[in-house]
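Worksheet: one structure, shown below.
The values are calculated or read from the model by the stated rules, or taken from the named source; none is laboratory data. Quick caveat: nothing in here was measured; it's all calculated off a predicted structure. Neighbour counts run over all protein chains shown; Cβ positions are idealised from the backbone, glycine included.
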Amino acid sequence: MSRQALARMIADANRIVVFTGAGISTESGIPDFRSPGGVWSRMKPIYFKDFISDIDKRREAWERAFTGRAGWTGRLPNIGHDAIARLVRGGRASAVITQNVDNLHQDSGVPADQVIELHGNASFATCLECGLRHELADLKSVYELTGDLPSCRECGGIVKTATISFGQPMPPEPMMRAAEHSKACDLFLVLGSSLTVYPASAFPMHAKRHGASVAIVNRDPTELDQYADFVLHDELGETVSQAVALAFAERDGTAAET
(Lines give C-alpha, C1' and ligand atoms only; values in the text may rest on other atoms or scores of the structure.)
Protein backbone atom coordinates (compact mmCIF):
# COMPACT_ATOMS: atom_id res chain seq x y z
CA MET A 1 0.00 0.00 0.00
CA SER A 2 1.22 3.49 -0.82
CA ARG A 3 1.04 7.05 0.41
CA GLN A 4 -1.09 7.85 -2.63
CA ALA A 5 -3.66 5.27 -1.54
CA LEU A 6 -3.71 6.78 1.95
CA ALA A 7 -4.19 10.22 0.42
CA ARG A 8 -7.23 8.95 -1.49
CA MET A 9 -8.76 7.60 1.72
CA ILE A 10 -8.21 10.96 3.44
CA ALA A 11 -9.63 12.86 0.47
CA ASP A 12 -12.74 10.67 0.34
CA ALA A 13 -13.48 10.92 4.08
CA ASN A 14 -15.79 13.55 5.52
CA ARG A 15 -15.20 13.08 9.26
CA ILE A 16 -11.76 11.83 10.27
CA VAL A 17 -10.60 10.92 13.74
CA VAL A 18 -6.83 10.85 14.17
CA PHE A 19 -5.41 8.53 16.83
CA THR A 20 -1.75 9.05 17.73
CA GLY A 21 0.82 7.14 19.73
CA ALA A 22 4.47 7.62 20.59
CA GLY A 23 5.61 7.12 16.99
CA ILE A 24 4.28 10.50 15.89
CA SER A 25 6.53 12.26 18.41
CA THR A 26 9.77 10.29 18.25
CA GLU A 27 10.84 12.40 15.26
CA SER A 28 10.60 15.42 17.57
CA GLY A 29 13.02 13.74 19.99
CA ILE A 30 10.35 12.54 22.43
CA PRO A 31 11.28 9.01 23.62
CA ASP A 32 8.68 6.28 23.54
CA PHE A 33 7.82 4.19 26.56
CA ARG A 34 8.51 0.53 25.99
CA SER A 35 11.06 -0.06 23.24
CA PRO A 36 14.79 -0.57 24.00
CA GLY A 37 16.10 2.82 24.99
CA GLY A 38 12.60 4.04 25.81
CA VAL A 39 11.61 5.76 29.03
CA TRP A 40 10.81 2.64 31.05
CA SER A 41 14.05 0.91 30.08
CA ARG A 42 15.94 3.85 31.61
CA MET A 43 13.84 4.49 34.72
CA LYS A 44 11.22 2.49 36.51
CA PRO A 45 7.69 3.89 36.48
CA ILE A 46 6.40 5.28 39.75
CA TYR A 47 3.00 3.82 40.51
CA PHE A 48 0.17 6.11 41.54
CA LYS A 49 -0.30 4.49 44.96
CA ASP A 50 3.40 4.96 45.71
CA PHE A 51 3.29 8.61 44.63
CA ILE A 52 0.45 9.16 47.10
CA SER A 53 1.81 7.15 50.04
CA ASP A 54 5.60 7.41 49.77
CA ILE A 55 7.11 10.87 50.09
CA ASP A 56 10.44 9.67 48.70
CA LYS A 57 8.74 8.36 45.56
CA ARG A 58 6.85 11.62 45.26
CA ARG A 59 10.08 13.58 45.51
CA GLU A 60 11.68 11.33 42.88
CA ALA A 61 8.72 11.92 40.54
CA TRP A 62 9.06 15.67 40.92
CA GLU A 63 12.82 15.54 40.39
CA ARG A 64 12.13 13.77 37.10
CA ALA A 65 9.56 16.36 36.12
CA PHE A 66 11.65 19.40 37.04
CA THR A 67 14.84 18.11 35.40
CA GLY A 68 13.09 16.78 32.30
CA ARG A 69 14.71 13.36 32.71
CA ALA A 70 11.81 11.57 31.04
CA GLY A 71 12.11 13.87 28.02
CA TRP A 72 8.38 14.34 27.49
CA THR A 73 8.39 18.13 27.27
CA GLY A 74 10.45 20.90 25.74
CA ARG A 75 10.38 19.70 22.12
CA LEU A 76 8.85 21.13 18.96
CA PRO A 77 6.16 19.64 16.73
CA ASN A 78 7.36 17.91 13.56
CA ILE A 79 5.87 17.78 10.07
CA GLY A 80 3.59 14.92 11.12
CA HIS A 81 2.01 17.07 13.84
CA ASP A 82 1.70 19.93 11.36
CA ALA A 83 -0.10 17.70 8.86
CA ILE A 84 -2.59 16.58 11.52
CA ALA A 85 -3.16 20.21 12.49
CA ARG A 86 -3.90 20.97 8.83
CA LEU A 87 -6.59 18.27 8.79
CA VAL A 88 -8.21 19.81 11.87
CA ARG A 89 -7.82 23.37 10.62
CA GLY A 90 -9.37 22.42 7.29
CA GLY A 91 -12.41 20.90 8.98
CA ARG A 92 -11.52 17.39 7.88
CA ALA A 93 -10.70 15.91 11.30
CA SER A 94 -13.13 16.29 14.18
CA ALA A 95 -10.72 15.26 16.93
CA VAL A 96 -7.25 14.01 17.72
CA ILE A 97 -7.21 11.19 20.24
CA THR A 98 -3.72 10.78 21.64
CA GLN A 99 -1.87 8.47 23.97
CA ASN A 100 0.94 11.03 24.18
CA VAL A 101 1.51 13.48 27.04
CA ASP A 102 3.84 15.92 25.26
CA ASN A 103 1.35 18.70 24.31
CA LEU A 104 2.74 18.74 20.75
CA HIS A 105 -0.66 18.57 19.06
CA GLN A 106 -1.69 21.77 20.85
CA ASP A 107 1.69 23.33 20.08
CA SER A 108 1.18 22.55 16.37
CA GLY A 109 -2.09 24.49 16.35
CA VAL A 110 -4.80 21.94 17.14
CA PRO A 111 -7.31 23.63 19.49
CA ALA A 112 -7.08 22.13 22.97
CA ASP A 113 -10.77 21.22 22.96
CA GLN A 114 -10.18 19.00 19.91
CA VAL A 115 -7.31 17.07 21.52
CA ILE A 116 -8.48 14.14 23.63
CA GLU A 117 -5.61 13.13 25.92
CA LEU A 118 -6.14 9.58 27.16
CA HIS A 119 -3.02 9.56 29.33
CA GLY A 120 -2.96 13.18 30.41
CA ASN A 121 -0.44 15.95 29.83
CA ALA A 122 3.10 16.33 31.19
CA SER A 123 3.36 20.07 30.54
CA PHE A 124 1.41 21.14 33.62
CA ALA A 125 0.18 19.78 36.95
CA THR A 126 -3.12 19.47 38.76
CA CYS A 127 -4.27 19.16 42.35
CA LEU A 128 -5.53 15.67 43.08
CA GLU A 129 -8.06 17.11 45.54
CA CYS A 130 -9.69 20.09 43.82
CA GLY A 131 -8.38 19.77 40.26
CA LEU A 132 -6.78 23.23 40.13
CA ARG A 133 -4.19 23.63 37.36
CA HIS A 134 -0.62 24.53 38.34
CA GLU A 135 2.16 25.58 35.97
CA LEU A 136 5.39 23.61 36.26
CA ALA A 137 7.59 26.72 36.20
CA ASP A 138 5.79 28.13 39.25
CA LEU A 139 6.07 24.85 41.14
CA LYS A 140 9.73 24.47 40.22
CA SER A 141 10.69 27.93 41.46
CA VAL A 142 9.13 27.25 44.87
CA TYR A 143 10.71 23.79 45.07
CA GLU A 144 14.17 25.11 44.26
CA LEU A 145 13.79 27.88 46.83
CA THR A 146 12.35 25.84 49.70
CA GLY A 147 12.78 22.17 48.87
CA ASP A 148 9.12 21.64 49.75
CA LEU A 149 7.14 19.26 47.58
CA PRO A 150 4.40 20.95 45.53
CA SER A 151 1.02 21.39 47.18
CA CYS A 152 -2.11 23.14 45.99
CA ARG A 153 -2.14 26.89 46.50
CA GLU A 154 -5.92 26.78 47.04
CA CYS A 155 -6.69 23.68 49.13
CA GLY A 156 -3.25 22.39 50.17
CA GLY A 157 -3.83 19.04 48.46
CA ILE A 158 -1.25 16.83 46.74
CA VAL A 159 -0.22 18.14 43.33
CA LYS A 160 0.89 15.83 40.52
CA THR A 161 1.83 16.29 36.89
CA ALA A 162 -1.34 15.94 34.83
CA THR A 163 -0.34 12.54 33.43
CA ILE A 164 -2.06 9.23 34.15
CA SER A 165 0.37 7.09 36.13
CA PHE A 166 0.45 3.32 36.37
CA GLY A 167 -2.35 2.24 38.67
CA GLN A 168 -4.21 5.54 38.34
CA PRO A 169 -7.80 5.27 37.07
CA MET A 170 -8.36 6.32 33.47
CA PRO A 171 -10.25 9.63 33.37
CA PRO A 172 -13.85 8.91 32.32
CA GLU A 173 -14.49 12.15 30.41
CA PRO A 174 -11.74 11.72 27.76
CA MET A 175 -12.66 8.06 27.35
CA MET A 176 -16.30 8.97 26.74
CA ARG A 177 -15.40 11.68 24.25
CA ALA A 178 -13.03 9.36 22.42
CA ALA A 179 -15.73 6.71 22.14
CA GLU A 180 -18.25 9.25 20.81
CA HIS A 181 -15.88 10.59 18.15
CA SER A 182 -14.82 7.08 17.15
CA LYS A 183 -18.45 6.08 16.67
CA ALA A 184 -19.22 9.12 14.52
CA CYS A 185 -16.23 9.11 12.16
CA ASP A 186 -15.97 7.62 8.68
CA LEU A 187 -12.17 7.26 8.76
CA PHE A 188 -10.20 6.30 11.87
CA LEU A 189 -6.56 7.16 11.18
CA VAL A 190 -4.02 5.50 13.49
CA LEU A 191 -0.58 7.14 13.43
CA GLY A 192 2.40 5.84 15.36
CA SER A 193 0.70 3.53 17.86
CA SER A 194 1.50 -0.12 18.47
CA LEU A 195 -2.11 -0.55 19.65
CA THR A 196 -1.08 -2.75 22.56
CA VAL A 197 -2.31 -0.63 25.48
CA TYR A 198 -5.92 -1.28 26.48
CA PRO A 199 -8.43 0.37 26.66
CA ALA A 200 -7.02 2.89 24.17
CA SER A 201 -6.42 0.13 21.63
CA ALA A 202 -10.15 -0.64 21.53
CA PHE A 203 -11.10 2.58 19.73
CA PRO A 204 -10.11 1.53 16.18
CA MET A 205 -12.36 -1.53 16.35
CA HIS A 206 -15.12 0.55 17.96
CA ALA A 207 -14.95 2.86 14.94
CA LYS A 208 -14.91 -0.05 12.50
CA ARG A 209 -17.96 -1.67 14.10
CA HIS A 210 -19.84 1.57 13.45
CA GLY A 211 -18.94 1.67 9.77
CA ALA A 212 -15.65 3.59 9.64
CA SER A 213 -12.64 2.60 7.60
CA VAL A 214 -9.48 2.07 9.65
CA ALA A 215 -6.07 3.11 8.33
CA ILE A 216 -2.89 2.35 10.28
CA VAL A 217 0.50 3.95 9.66
CA ASN A 218 3.21 2.73 12.00
CA ARG A 219 6.87 1.86 11.71
CA ASP A 220 6.27 -1.69 12.96
CA PRO A 221 3.34 -4.13 12.64
CA THR A 222 0.49 -3.76 15.13
CA GLU A 223 -1.92 -6.26 16.62
CA LEU A 224 -4.79 -4.77 14.62
CA ASP A 225 -3.16 -4.74 11.17
CA GLN A 226 -5.21 -7.75 10.10
CA TYR A 227 -8.47 -5.86 10.74
CA ALA A 228 -7.52 -2.56 9.11
CA ASP A 229 -8.61 -1.40 5.66
CA PHE A 230 -5.18 0.17 5.05
CA VAL A 231 -1.79 -0.59 6.61
CA LEU A 232 1.53 1.10 5.86
CA HIS A 233 4.76 0.44 7.76
CA ASP A 234 6.77 3.59 7.25
CA GLU A 235 8.21 6.60 9.01
CA LEU A 236 5.49 8.90 10.24
CA GLY A 237 6.38 12.52 9.55
CA GLU A 238 7.08 12.44 5.84
CA THR A 239 4.38 9.84 5.17
CA VAL A 240 1.61 11.78 6.88
CA SER A 241 2.73 15.13 5.54
CA GLN A 242 2.81 13.90 1.95
CA ALA A 243 -0.49 12.01 2.20
CA VAL A 244 -2.32 15.00 3.68
CA ALA A 245 -0.89 17.37 1.06
CA LEU A 246 -1.95 15.01 -1.74
CA ALA A 247 -5.41 14.62 -0.20
CA PHE A 248 -5.99 18.37 -0.11
CA ALA A 249 -4.67 18.77 -3.63
CA GLU A 250 -7.01 16.05 -4.87
CA ARG A 251 -10.12 17.22 -3.04
CA ASP A 252 -9.85 20.96 -2.66
CA GLY A 253 -6.76 22.23 -4.38
CA THR A 254 -4.63 24.99 -2.89
CA ALA A 255 -7.71 26.75 -1.49
CA ALA A 256 -7.79 24.15 1.32
CA GLU A 257 -4.74 25.74 2.90
CA THR A 258 -6.79 27.91 5.24
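Some notes on this structure:
- Taking the conditions (1) surrounded by fewer than 17 Cβ atoms within 10 Å (Cβ to Cβ); (2) without any contact (Cβ under 8 Å) to a residue 60 or more places away in the chain; (3) more than 24 Å from GLU27 (Cβ to Cβ) in turn, CYS152 satisfies each one other than (1).
- If you go through the range 197-219 and pick out every residue that is in contact with a strand residue (DSSP E or B) (Cβ under 7 Å, 6 or more places away or on another chain), within 25 Å of MET170 (Cβ to Cβ) and among the charged types (D, E, K, R), you end up with 1.
- Pick from the range 23-40, criterion in a helix (DSSP H, G or I) and under 30 Å from SER141 (Cα atoms), ranking: modelled with the lowest pLDDT: TRP40
- Candidate set from the range 140-160 (those that are in contact with a helix residue (DSSP H, G or I) (Cβ under 8 Å, 6 or more places away or on another chain) and among the hydrophobic types (A, V, I, L, M, F, W, C)); member that is nearest to TRP72 (Cα to Cα): VAL159
- Within the range 1-13, the residues that satisfy the criterion of being at pLDDT below 95 and either within 21 Å of ALA95 (Cα to Cα) or part of a loop (DSSP other than H, G, I, E, B) (or both) are MET1, SER2.
- Test: residue in the range 93-107 that is small (Gly, Ala, Ser), under 30 Å from ALA212 (Cβ atoms) and buried (at least 19 other Cβ atoms within 10 Å of the Cβ): yes
- Residue match in the range 163-180 (condition: in contact with a Ser or Thr (Cβ under 9 Å, 6 or more places away or on another chain) and in the same structural domain as ASP12 (by TED's automatic domain parsing)): no
- Residue in the range 166-178 that is hydrophobic (A, V, I, L, M, F, W, C), closer than 27 Å to LYS57 by Cα, touching a residue at least 60 places away in the same chain (Cβ under 8 Å) and surrounded by fewer than 15 Cβ atoms within 10 Å (Cβ to Cβ) present: yes
- Residues being surrounded by fewer than 16 Cβ atoms within 10 Å (Cβ to Cβ) and outside any helix (DSSP H, G or I) - total across the range 41-64: 5
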